[in-house]
Amino acid sequence: MLDIKESNLLKAISDVSFLPENSVYNLRKNGLGVERKTNEKVQIENKTDKPGIDIRIMPDTKNETIYIPVIITESGVNDKVYNDFYVGENADVTIVAGCGIHNSGCNESRHDGIHRFFIGKNARVKYVEKHYGDGEGTGARVLNPVTEVFIGENAVCEMESVQIKGVDSTERETNAVLEAGAKYIVTERLMTHGNQSAVSNMVIELNGEDASAQIISRSVAKDSSEQVFYPRAVGNAKCAAHVQCDSIIMDEAKIRSIPEIAANNADAQIVHEAAIGRINNEQLLKLMTFGLDETEAEEIIIQGFLK
Amino acid sequence: MLELKNVGFTVKNEADGKNLEIIEDVSFTLEDGKFLVITGPNGGGKSTLARLIMGIEKPTKGQILYNGTDITNMSIDERAKLGIGYAFQQPPRFKGLTVRRLLSLAHGSELPEDECCSYLTRVGLCSMDYLNREVDSSLSGGEVKRIEIASLMARDLGLAIYDEPEAGIDLWSFQMLVKSFRMLSSEKNESVIIISHQERIMQLADEVIVIADGKIRTQGAKDEILPTLLGEFDRKCDLRGEKGAEGNA
């Protein structure tokens with residue numbers, strides 16, 4: 001059973017206060033697996049050589065939602081976990097991951113999730129990962145996720161990562177390899193405040209004919225926080241990719257955005273766009289003419305931008 | 001009732017450091033429920049005057065009163081709460097904000113779907129196609145402009161100011177718009193100010209003010225002003241809209 005604090009963390013990262021009875025899940029708390037439920041279509045087993053789990057989704061599995069949340073409520077926990085997802089051919093599943101840290105102590109609490117996805121032919125995977133931190137302690141909340149994705153022929157992988165509040169430091173590495181006809185859509189939404197720092201490096205390799213990728217990054221940096229984005233799309237075949245980085249900068253924040261595109265095939269079509277700017281003054285004025293004050297208007301603009 | 005008393009607005013020209021008078025000694029009164037059209041050549045100060053009334057700019061001289069209250073130094077949102085609204089000539093776009101959310105923000109509370117639809121229909125948009133679309137660069141200039149007008153119609157206002165509502169709007173939608181403004185003036189007891197170059201919009205007015213070089217050149221009842229205006233300004237201002245609607249700053 002989860003206490004209120006734990007249940008709030010779960011809600012912040014997965015939109016549910018308790019794990020639904022009819023779903024498959026694996027809950028990890030303070031560095032240990034504490035609750036698990038599987039069925040004949042989705043198997044979850046502990047790794048034998050290192051901390052972490054293997055999640056095996058049988059071919060043709062449809063309409064399953066798999067929850068693999070991680071919550072940390074003790075100060076000073078340093079948790080590194082290796083999770084491998086094997087998605088069978090023609091499967092169609094949603095995976096809700098995420099990590100919530102409540103740190104009320106003075107020691108650093110840290111979770112590094114190393115996730116690998118092996119997505120079979122014609123499968124579809126939607127992966128949602130939310131990061132959240134709270135707690136009145138001075139100890140830092142640190143999350144350094146590594147995600148590796150291998151997308152098989154004509155498979156589709158849609159990944160959404162959200163980090164809106166309370167994570168002091170994060171360094172994210174994402175690597176994806178796409179085979180023929182594979183499609184990869186990554187949406188990254190990030191807000192940093194205070195002295196937080198966030199780095200996101202990404203390498204997408206489009207190796208198969210007609211592979212396509214769309215990388216969308218939306219971020220807001222407030223106070224003295226710092227962000228660095230380095231998405232790279234590499235076209236090694238006839239393929240299409242679009243990289244779009246959009247950031248709102250406020251206060252004393254700093255943002256670097258370095259979208260890189262490379263083509264090793266004359267039929268690769270790769271586009272990038274990047275923009276960093278303040279909140280548009282006309283947007284603020286427009287909302288103020290609806291009777292909102294400047295702070296309320298700013299909030300609405302940021303909420304919409306990160307939606 | 002809106003009253004402008006000797007309103008002036010001066011800015012410093014950054015190039016030579018000299019003062020530039022954008023609005024000079026403008027005074028007029030708009031009674032409740034009246035429909036006023038402000039017209040005149042491009043660059044004459046019409047939009048600035050609208051922005052002064054909304055509080056986006058502050059006058060450097062004079063006084064603005066609304067229903068007897070001095071609003072000269074009030075902020076934009078305070079004026080909005082008193083019931084003043086302004087549809088921008090070039091409305092901003094919002095990434096991630098849907099048409100429905102924008103209309104609800106304008107209204108001040110969540111708007112039911114059927115009400116949203118009725119406002120969109122009034123500006124010639126097929127509502128079901130638009131409710132959940134974002135007000136971002138995927139919309140054309142004319143679409144954003146019509147949504148802007150709909151957002152003002154969704155508010156409960158005492159004074160609505162529309163800045164060149166016809167700009168960027170095609171002929172079919174323009175007819176729809178004229179019909180909506182006609183309905184607005186007869187149904188609601190809202191005072192309306194429309195900045196426009198279009199004769200068909202001027203025809204709706206109770207009063208017309210002509211602004212040129214930051215000053216009121218002529219003002220009076222529509223029937224008095226319009227006949228002379230049409231002859232005098234036709235070539236300069238394209239009052240009949242033959243050259244198509246053009247924006248000005």
Exercise. Within region A:167-179, is there a residue that is surrounded by fewer than 19 Cβ atoms within 10 Å (Cβ to Cβ) and hydrophobic (A, V, I, L, M, F, W, C)?
Worked result: no
Exercise. Taking into account only those residues within region B:49-76 that are within 14 Å of another protein chain (Cβ to nearest Cβ) and not in a loop (DSSP other than H, G, I, E, B), which is farthest from B:ARG217 (Cα to Cα)?
Worked result: B:ILE76
Exercise. Of these, A:ALA180, A:ALA241, which one is modelled with pLDDT of 95 or more and either in contact with a helix residue (DSSP H, G or I) (Cβ under 6 Å, 6 or more places away or on another chain) or outside any strand (DSSP E or B) (or both)?
Worked result: A:ALA180
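Among the residues of region A:1-49 satisfying the criterion of being in a strand (DSSP E or B) and among the charged types (D, E, K, R), which is modelled with the highest pLDDT?
Applying the first criterion (in a strand (DSSP E or B)) to region A:1-49 yields A:24-29, A:32-37, A:42-46.
Then drop every residue that is not among the charged types (D, E, K, R), which leaves A:28-29, A:35-37, A:45.
Details: A:ARG28: 89, A:LYS29: 89, A:GLU35: 88, A:ARG36: 92, A:LYS37: 91, A:GLU45: 95.
My answer is A:GLU45.
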Exercise. Modelled with pLDDT under 95, assigned to a loop (DSSP other than H, G, I, E, B), within 17 Å of the chain's Cα centre (by Cα) and away from chain A (no Cβ under 14 Å): does that describe B:GLY17?
Worked result: no
Problem set entry | When residues of region A:280-304 are limited to those that are among the small types (Gly, Ala, Ser) and over 23 Å from the mean Cα position of the chain (by Cα), the one nearest to the other protein chains (Cβ to nearest Cβ) | A:GLY291
For this session: Considering (1) more than 20 Å from the chain's Cα centre (by Cα); (2) within 11 Å of chain B (Cβ to nearest Cβ), say which one A:LYS307 fails and leave the rest.
Result: (1)
For this session: Please indicate, with yes or no, whether at least one residue in region A:263-279 is within 14 Å of chain B (Cβ to nearest Cβ) and part of a helix (DSSP H, G or I).
Result: no
Seminar exercise, completed: When restricted to B:ARG101, B:ARG93, B:ARG79, the only residue within 14 Å of another protein chain (Cβ to nearest Cβ), touching a residue at least 24 places away in the same chain (Cβ under 8 Å) and not in a loop (DSSP other than H, G, I, E, B) is B:ARG79
Exercise. Does A:ARG218 satisfy the condition of being closer than 26 Å to A:VAL149 by Cα, touching a Phe, Trp or Tyr at 6+ places or on another chain (Cβ under 9 Å) and facing another protein chain (nearest Cβ under 9 Å)?
Worked result: yes
Seminar exercise, completed: Of B:VAL26, B:VAL11, the only residue that is among the β-branched types (Val, Ile, Thr) and at pLDDT below 95 is B:VAL11
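The values are calculated or read from the model by the stated rules, or taken from the named source; none is laboratory data. In this text the structure is predicted, and so the values were computed from the model without any measurement. Cβ sites come from the backbone with ideal geometry, for glycine too, and all protein chains shown count toward neighbours.
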